[in-house]
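The values are calculated or read from the model by the stated rules, or taken from the named source; none is laboratory data. All values reported here derive from a predicted model rather than from experimental measurement. With ideal geometry, Cβ positions are generated from the backbone for all residues, glycine too; neighbour counts draw on all protein chains shown. The protein model used for the area step is the full one, side chains on, heavy atoms only, and it has no ligands, DNA or RNA in it. Shrake-Rupley method; radii C 1.70, N 1.55, O 1.52, S 1.80 Å.
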Amino acid sequence: ADGMLVPWPFHLTNLVLHCGTGVVVYLILRRLIDSRPAALGGALLFSLHPLQAESVAWVTETRGLLAALFGMLAIWLYLVFVQQAAEVRRRWPYLVATVCFLLAILSKPSAAAVPLMAGLFSVGLLRRSWKRSALELVPWLAVAGMVAVATKTQQGQEYLTFEIPWLSRPWVAVDALGFYVEKLVLPSGLAIDYQRNPQWVIENGGFLLAGLAVAVLFLAALLPQRRIWLVAIGLFIAGALPTLGLVSFSFKSH
């Protein structure tokens, strides 16, 4: 009808952004493993998993897809930088990676997790010195900290309907991780709003899912190649960290 927005260009934009992110995930995996089929399988799992695809279907979540694309580009370029031979090391991949990280965090504040993920790749998988990795990522962490503070201060207390008690925040965070693990393994009943905010978790004893998160961590520590599994879990936690409820934001109250 006249005067109505046509939705398909927005959906197409989301699809293109997500496909681009899938390509970058493949490039990241190729940096870490020698097998092309394994890297392709990982990239396809990332791209087609319902938890990832739901952002594409949600037409107003372009900001999240932009943050994912630029965040993955930042990680890939950081890996390109650190894997260069020492005698021919160039600075431009790091500089471009920093620009990509800035674009990611300007797209969505949750991209503050990108420096932690890059550090896990560097220390956990590439076995580089944590001190050297930390020095390289200090500028990114500083930006992430400033954005976190700015995001918190820009949300007035009048919009915060429930302040999570400090002693409850770790349990709320672990419960959220358990919820994410459940959706990762059984991605059914996906929705924009699950009505599972921290207040509901505290008042309804929703901490049962916390046991699932703890169990997954315990089992990973017993598996062969546990270093890889623990890094994978660390990446999962780092990616979810901005939304776990350790800091009260107004969107967590609803």
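In terms of accessible area, using a 1.4 Å probe and ignoring ligands and nucleic acids, T243, T13 rank largest first as T13, T243.
Of the residues D175, D34, the one with the largest accessible area comes first in the ranking D34, D175, computed with a 1.4 Å probe on protein heavy atoms. Over the stretch 1-154, the alpha carbon radius of gyration divided by the compact-protein estimate 2.2 N^0.38 Å works out to 1.14. Annotation: E203 carries an accessible surface of approximately 130 Å², with a 1.4 Å probe and no ligand, DNA or RNA atoms counted. Taking all protein chains as they are arranged and a probe of 1.4 Å, the heavy atoms of W229 leave approximately 120 Å² accessible to solvent. With R₀ set to 25 Å, the beta-carbon distance separating V23 from L186 gives a calculated FRET efficiency near 0.35. What the phi angles of the stretch 47-62 give under the Karplus curve with 6.51, -1.76 and 1.60, with θ = phi - 60°, is a coupling list of 6, 9, 4, x, 5, 7, 5, 5, 5, 5, 6, 7, 5, 8, 9, 4 Hz, glycine and proline written as x.
Please find the FRET efficiency linking S35 to L141, where r is the Cβ-Cβ separation and R0 is fixed at 35 Å, and quote it to the nearest 0.05.
Details: r = 32 Å, r/R0 = 0.92.
About 0.60, to the nearest 0.05.
Once the C-beta distance of N204 and R226 is scaled by a Förster radius of 45 Å, the resulting FRET efficiency is 0.85 to the nearest 0.05.
Show H18, H11 ordered by accessible area, largest first, where the area counts protein heavy atoms only and the probe is 1.4 Å.
Numbers: H18 15, H11 75 Å².
These residues rank, largest area first, as H11, H18.
Placing one equal scatterer on every Cα of the stretch 27-67 and applying the Debye formula, the log10 ratio I(q)/I(0) at q = 0.18, 0.26, 0.28, 0.30 Å⁻¹ is -0.59, -0.83, -0.87, -0.92.
Just in the stretch 79-157: which trypsin sites (Lys or Arg not before Pro) are loop by DSSP and have at most 11 other Cβ atoms within 10 Å? Let's see the in-between values first.
Numbers: sites: R89, R90, R91, R127, R128, K131, R132, K152; in loops: R89, R90, R91, R127, R128.
Within the stretch 79-157, the qualifying trypsin sites (Lys or Arg not before Pro) (loop, at most 11 other Cβ atoms within 10 Å) are R90, R91, R127.
To the nearest 10, the accessible area of V96 is 60 Å² with a 1.4 Å probe.
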